[in-house]
Amino acid sequence: MTEPIVYIDLGVGGMTCDDCVVHVTEALESVPGVESAAVDLATRSAVVTARPDVGASALAAAVRATGQYNAFERRRRAASGE
Amino acid sequence: MSDHVDFLILGSGSTAFAAAIRAADLGARVAMAERRTLGGTCANRGCLPSKNLIEAARIVREAAHPRYDGLIAGTVGVEFAALIAQKDDVVREYRAKKYASVADGLADLELLEGDATFVDPHTVRVGDRMVTGDRILVATGSRPTIPAIPGLADIPYLTSDLLDADEAGRLTELPASLAVLGGGYIAVELAQMFSRLGSRVTIVARSGLLSGYEPDLGRTLAEVFTDEGIEVLAGSRVDHVRGDASGVEVAIEQAGARRVVSAERLLVATGRTPNTDTLGLERAGVAVDADGFVTVNAQLRTSLPHVWAAGDVIGRQHRSQTATPVGARQGRIVADNAFADAGKAFDGTVIPRAIFTDPPIAVVGETEAEVRARHYPAVAATTPLMYVPRAGAVHKPTGLVKFIVSTVDERVLGVHVIGESAPEIIHEAAMAMHFKAGLPDFIDLIHVYPTMSEALKIGAQAFSRDVTKLSCCAE
Ligand SMILES: Cc1cc2nc3c(=O)[nH]c(=O)nc-3n(C[C@H](O)[C@H](O)[C@H](O)COP(=O)(O)OP(=O)(O)OC[C@H]3O[C@@H](n4cnc5c(N)ncnc54)[C@H](O)[C@@H]3O)c2cc1C
């Protein structure tokens, strides 16, 4: 049985180019429990697919630890079916 | 644009803009609501237009009163309407450059025009639109206080809104005479400005000038004002006012005697009232204090965790001051706390502040009375500026510098200056206090000779030496 997952919408600040998108994606995907992260430069946001126990502060901390970017949680949505 | 944003800011002054810019950097989608003109008080009807006109008034005054023997007094005529028009151009250009185009340049910032009122903790009606914000900043500033004086509601009067470039309250004709109610910084700045431009000015103040500041400052200023022909009626209680468009009469009681001050126009400058009365804060559950200022903790959070307040609307809490750069700093702190969990507290210990009279005034830190009130061991010394070489060289000897210093560790607790260039030189004192410097640091530092900044060195030396006997460069 697969573990339940959630989509976590984040606002992301500080990105100016595609390299930034790569850095933020890597930072988010390094957080234990994160399955994937889709980061968008134009809308300055990300959608993280993760286990429900992944906290907003862990995601934000991973992005801020880059020293260049910021992230904050907007909301989380249950994956389809729920 | 959706009607939901990450950050909803009420107001568009310097506080709001600093918060918006920082929040946008941090990734937030921001909306800013404004019911008057974009840019708030400072740009439109505060700092900027007042400093513009005050400098013009200084030119008029200096032409008529050159300080040097051998310079012959002349006349710089005042074409008031044209003077106001150039001020309006300065304001509009500044507003376009520093506010409107900054707003245009921010990704995901929307400006909402209209009066903002809370509907519930997350929803604000702006005009006829409903907007929700995950986080909200109240940065609605302040407006002139209108005191409860019998008759005031029935007569025309001016407030500092007279400085506005575009609103109905603006002034375009120089009054032949002006009665000024109030003795605070706005009252004294505008009183001297009008006097120098040609109005006959009478100040009616409840206490002395600039109460709350070091008493020497207001006292010195009152002497200068009297010399310049401004009548200062300190310790006056206003009984009632009456009049019409052609003139006003202010009935006062001063030292037990009754008297009537007549003037063409009346300027009410008796303080500032926070813009919170129509915000519907009670519907959101945001607490205000007895005077209507929004209650905040040191991190500038209100009683509701997702609502912050900053700038003039929080008044003097946490040693804040109602000044533009203070609000801007607070706006930035709010954005950091709201979107980067920064947990930053506002620290109002070192806030330099100036009053742009002539001579100007600048202060940083505590007054002697404040230090005494908390029973902290300290000493104070006041030095007249006539001991500063530059003051004598350029015939600007009026003024003084006062230091208040801890006797525990010689740390400087407050510096208060009235005199030439005070608003510039105060930064040395502020920087010193920022780095927790002691009195000896002011003395150790070689100062440029001859500058008014030497006043700080000499003011510091006054604790240990007879400053009347210093040689060149205060060594
Ligand atoms: C004559 C004068 C001279 C001054 N000189 C100086 C100076 O030299 N140096 C200095 O540092 N400071 C000076 N100040 C003080 C300075 O202007 C203020 O401290 C500063 O403007 C406060 O900024 P703020 O953003 O907090 O509020 P504001 O600039 O007042 O902005 C608040 C905005 O919110 C809007 N608003 C209020 N309620 C609502 C509502 N319900 N819905 C929508 N919008 C709303 C208002 O219209 C306003 O535009 C001066 C002030 C005056 C009046």
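Derivation of every value follows stated rules applied to the coordinates shown; laboratory data play no part. Owing to the predicted nature of the structure, the values given are computational and were not obtained by experimental measurement. Cβ coordinates were reconstructed from backbone atoms using ideal geometry, including for glycine residues, and neighbour counts include every protein chain displayed.
Once you charge only the Cβ atoms, +1 for Lys and Arg and -1 for Asp and Glu, what is the size of the charge dipole of the protein assembly as shown about its Cα centre, to the nearest 20 debye?
I would put it at about 960 debye.
Please give the charge dipole size of the stretch B:1-148, origin at the Cα centre, charges +1 on K and R Cβ atoms and -1 on D and E Cβ atoms. Round to the nearest 20 debye.
In total the dipole reaches around 480 debye.
Mind listing which GluC sites (Glu not before Pro) in the stretch B:58-137 are in a DSSP loop and have 14 or fewer other Cβ atoms within 10 Å?
Sparse-neighbourhood loop GluC sites (Glu not before Pro): B:GLU79.
Per-residue ellipticity at 222 nm for chain B, helices alone: DSSP H runs ≥ 4 residues times -39500 (n - 2.57), over residue total, nearest 500 deg cm²/dmol?
For chain B, the value works out to -9000 deg cm²/dmol.
Report ³J(HN,Hα) in whole Hz for each residue of the stretch A:68-79, in order, from the Karplus equation J = 6.51 cos²θ - 1.76 cosθ + 1.60 where θ = phi - 60°; Gly and Pro get x.
Each residue of the stretch A:68-79 in turn: 10, 10, 10, 9, 9, 7, 8, 6, 10, 10, 5, 5 Hz.
Can you tell me the orientation of helix A:18-29 relative to chain A, as the angle in degrees between its alpha-carbon axis and the longest Cα principal axis, to the nearest 10?
Here the helix axis deviates by roughly 40 degrees.
Under 1.5 on a/c is rounded, so check that first for chain B, then, if it is not, pick prolate when a/b is larger than b/c and oblate when it is not; a ≥ b ≥ c are the square roots of the alpha carbon gyration tensor eigenvalues.
Because a/c hits 1.5 or more and a/b fails to exceed b/c, chain B counts as oblate.
Say each of B:ALA81 and B:ASP154 gets a label point 7 Å from the Cα, pointing the same way as Cα to Cβ; how far apart are those two points in nm?
If labels sit at B:ALA81 and B:ASP154, their model points lie 3.4 nm apart.
Give me the distance in nm between label points sitting 7 Å out from Cα along the Cα-to-Cβ direction at B:ARG200 and B:TYR376, one decimal.
4.7 nm
Taking R0 as 22 Å, what's the FRET efficiency between B:MET386 and B:THR407 from their Cβ-Cβ distance, rounded to 0.05?
Computed FRET efficiency for B:MET386 and B:THR407 comes out at 0.20.
To the nearest whole number, what is the average tally of beta carbon atoms from other chains within 10 Å of the beta carbons of peptide B:20-29?
Counting Cβ atoms of other protein chains within 10 Å of each residue's Cβ and averaging gives 5.
Report the label-to-label distance for B:ALA369 and B:ARG259 in nanometres (one decimal), using points 7 Å from each Cα along the Cα→Cβ vector.
For the pair B:ALA369/B:ARG259, the computed spacing is 2.3 nm.
Is it possible to state the helix-based mean residue ellipticity at 222 nm for chain A, with each DSSP H run of 4+ residues giving -39500 (n - 2.57), the sum divided by total residues, to the nearest 500 deg cm²/dmol? What is it?
Computed ellipticity for chain A at 222 nm equals -7500 deg cm²/dmol.
Take the alpha-carbon centre of the stretch B:1-67, take the same for the stretch B:346-422, and report the distance between them in whole Å.
28 Å
If r is the Cβ-Cβ distance from A:SER30 to B:ALA107 and R0 is 22 Å, what FRET efficiency results, to the nearest 0.05?
E between A:SER30 and B:ALA107, to the nearest 0.05, is 0.25.
Among B:116-126, B:29-39, how do they line up by average Cβ neighbours within 10 Å per residue, starting with the highest?
Peptide ranking by packing, descending: B:29-39, B:116-126.
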